[in-house]
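For reference, the structure is listed below as structure tokens.
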Ligand SMILES: [Zn+2]
């Protein structure tokens, strides 16, 4: 854990907490909760089910901004 300065404290916090993301596929309506690694995988390779390329937009963070 590295705290660079006050301005980046929030970012550091996000990275150190084992973050979960809700992946909501715009194509096949799959909704799964994934960790950071899987999120990266999906961003690189597309949806795990339909392989549609998705952007970070398809992910939401349950503890932060709830988008619906
Ligand atoms: Zn999909």
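The values are calculated or read from the model by the stated rules, or taken from the named source; none is laboratory data. All values reported here derive from a predicted model rather than from experimental measurement. With ideal geometry, Cβ positions are generated from the backbone for all residues, glycine too; neighbour counts draw on all protein chains shown.
Condition check ((1) surrounded by 11 or more Cβ atoms within 10 Å (Cβ to Cβ); (2) at pLDDT 90 or above) across all residues:
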site	(1), (2)
12	yes, no
24	yes, yes
37	no, yes
45	yes, yes
61	yes, no
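Just so you know, in the stretch 26-35 the residues that are in contact (Cβ under 8 Å) with a residue 24 or more places away in the chain and exposed (fewer than 14 other Cβ atoms within 10 Å of the Cβ) include one that is farthest from the ligand (Cβ to nearest atom), and it is 33. For the stretch 36-52, taking the residues that are on the phi < 0 side of the Ramachandran plot and within 10 Å of the ligand (Cβ to nearest atom), the one that is nearest to the chain's Cα centre (by Cα) is identified as 42.
Taking the criterion of being more than 12 Å from residue 29 (Cβ to Cβ) and in a loop (DSSP other than H, G, I, E, B), the residues of the stretch 42-59 that qualify are 46, 48, 51, 53, 54, 55.
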